[in-house]
Amino acid sequence: MPHRGVRQFRPIMDEKMDDLEELYQELIMDHNWKPRNFRVMEDATRSVDGFNPFCGDTVTLYLKLEGQVVSDVAFQGLGCAISKASASMLTEIIKGKTTEEAEEVFDRFRQMLTRGLGEDFDAEGLGDLEVLSGVSEFPTRVKCATLSWHALRGALRGDKTVSTESSY
Ligand code: ZN
């Protein structure tokens, strides 16, 4: 049996990669400092409180559902840059989508975040969310990135609270 030593894989960063990483960082920080749709929605038809005990992130997600369409979405909360940026991007991408489309975006986003090292993913329809793809290398941060999404799915399904404790 061949001996398999411990090998460390480090992506070789060329200048282009560095630029991309920088752009990703910038977008995340921009959403963190200037979160979109960061407000209490007085006339929300659904709202869910989410908590990520691993990092201490909290989020309250507000939805206005008109039939099967999410006509408005907003959030409030305290958390790390990843959780806040992800929630901010969520509000931009989900607004105007049907509940079914919203679930599809969540599934695709989660696939991107829980894929194995070097595995490809389908970024179609993810928009800015693609900048969070690097989070997949940090399993505890995946929960930061998906918190608001669990809240979204909870809201679509009629839950009042969600926690990342038992789910990805
Ligand atoms: Zn966090």
Counting sequence-distant residues (5 or more places) and residues on other chains, those with an amide H built under 5 Å from that of T60 are G50, Q76, G77
Which of the three applies to the range 60-135, rounded, prolate or oblate, going by the alpha-carbon gyration tensor with a ≥ b ≥ c and a/c under 1.5 meaning rounded? oblate
Angle check, please: helix 99-114 long axis (alpha carbons) against the longest principal axis of the chain (alpha carbons), in degrees 0 to 90, nearest 10. 20
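Within the set of other residues whose C-beta is less than 10 Å from the C-beta of L152, count the net charge using Lys and Arg as +1 and Asp and Glu as -1.
Net local charge, L152 excluded: +2.
Would you mind counting up the charge near T58? Only other residues with Cβ under 13 Å from its Cβ, with Lys and Arg at +1 and Asp and Glu at -1. Write out the running numbers ahead of the final one.
Details: positive: K84, K143; negative: D49, D57.
Net local charge, T58 excluded: 0.
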Cα-based Lys proximity count in the chain, under 27 Å, for pairs eight or more positions apart or on separate chains: 22
Just to confirm the number: angle between the C-alpha axis of helix 81-94 and the first principal axis of the chain, 0 to 90 degrees, nearest 10? 60
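At 0.36 nm per residue, and after removing the present C-alpha to C-alpha distance, how many nm does the segment from L23 to E101 gain when stretched out fully? If you can, show how the numbers build up before the last one.
On the way: separation 78, 0.36 × 78 = 28.08 nm, distance 2.75 nm.
Fully extending the segment from L23 to E101 adds 25.3 nm.
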Considering only the other residues whose Cβ falls under 12 Å of the Cβ of F109, what net charge follows from Lys and Arg at +1 and Asp and Glu at -1? -3
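Given Cα positions, please report Rg to Rh for the chain, the hydrodynamic radius being the Kirkwood one. Before the final figure, lay out each step's value.
On the way: Rg = 16.9 Å, Rh = 16.6 Å.
Expressed as Rg/Rh, it is 1.02.
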Rounding to the nearest 10 and keeping the result within 0 to 90°, find how far the Cα-based axis of helix 139-157 lies from the longest principal axis of the chain. 30
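Every read-out reported here was derived from the displayed coordinates using simple, explicitly stated rules and does not represent laboratory data. These numbers were taken from a predicted model, which means no experiment stands behind them. Backbone-built Cβ (ideal geometry, glycine too); neighbour counts: all protein chains shown.
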